[in-house]
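**Q** Once you've had a glance at the structure underneath, I'll fire off some questions.
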Amino acid sequence: MKSIVVNGAGEYISDAPIPSGLDYCCHQHELGTLVALYSDFGLCYQGFHAQPDEALNEYQRFNSLDVSLRNQVITQDKPLHLIGTDFQLMVWQRLCKLSRSDTSSYSHFAATCQRPTAVRAIASAIARNPVAIRVPCHRILPKRGGTGQYRWGNAIKHQLLRIESNQF
């Protein structure tokens, strides 16, 4: 696993150590409770959960890390602190470059990642995205139509796409 800090556009800022403790914040989004986990370097995880412990458990399961919750904080405007394989980090950084109104098919997105034959691997990395909304994996759609799967539920993915399309 590699640990890096990137800005909101997915541009590399620096390497960062793997965190041992995370601060957390819960806020009401129009689609449900959004729990954010922050290291000292940035936002590590954001997802729809009822409790911070649920978010921590999912974060630990996906990263095979032993991390504890430290303090509840107010929403912070920090860069992203992403932990994953080199391939996952490349995919997540590329997702950050999608503009708010853009959607793409998995195969087209794989081609933009210079990996046109790696559609399944790209889809797997997208599915492991730890930061809902800010790393916009919900904008990648099946070529055959529909919205496809979403870790936090297909209804939430559909609503996110609807909200974003109505803001223009």
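Laboratory data are not the source of any read-out in this text; all were calculated from the coordinates shown. Note that the structure is predicted; figures quoted are calculated from it, not measured. Here Cβ is always computed from backbone atoms with ideal geometry, including for glycine, and neighbour counts include all displayed protein chains.
**Q** Using the Cα centre as the reference, give the magnitude of the dipole from point charges on the C-beta atoms of the range 2-81 (Lys, Arg: +1; Asp, Glu: -1; all else neutral), rounded to the nearest 20 debye.
**A** Dipole of the range 2-81, to the nearest 20 debye: 100 debye.
**Q** I would also like to ask the following. Relative contact order of the chain, please, whole-number percent, based on alpha carbon pairs below 8 angstrom and at least 6 residues apart.
**A** Reported as a whole number, the value is 22 percent.
**Q** Something else: I need the shape label for the chain. Rule: rounded when a/c is under 1.5, else prolate if a/b > b/c, else oblate, with a, b, c from the alpha carbon gyration tensor.
**A** In terms of gyration-tensor shape, oblate.
**Q** Here's something else I'd like to know. With a ≥ b ≥ c taken as the square roots of the eigenvalues of the C-alpha gyration tensor of the range 2-81, please select rounded if a/c is under 1.5 and otherwise prolate if a/b is larger than b/c or oblate if it is not?
**A** It is oblate, given that a/c is not under 1.5 and a/b is not larger than b/c.
**Q** Still on this structure, I have one more. Rounded, prolate or oblate: pick one for the range 86-165, where a ≥ b ≥ c are the square roots of the eigenvalues of its C-alpha gyration tensor, a/c under 1.5 means rounded, and failing that, prolate if a/b is larger than b/c, else oblate.
**A** In terms of gyration-tensor shape, prolate.
**Q** Relative to the present Cα-Cα distance, how much length would full extension add between Thr103 and Ile13 at 0.36 nm per residue of separation?
**A** 29.8 nm
**Q** With both bridge residues required to lie in the chain, what share of the DSSP beta bridges run antiparallel, to the nearest 5%?
**A** Restricted to the chain, the bridges split so that about 75 percent are antiparallel.
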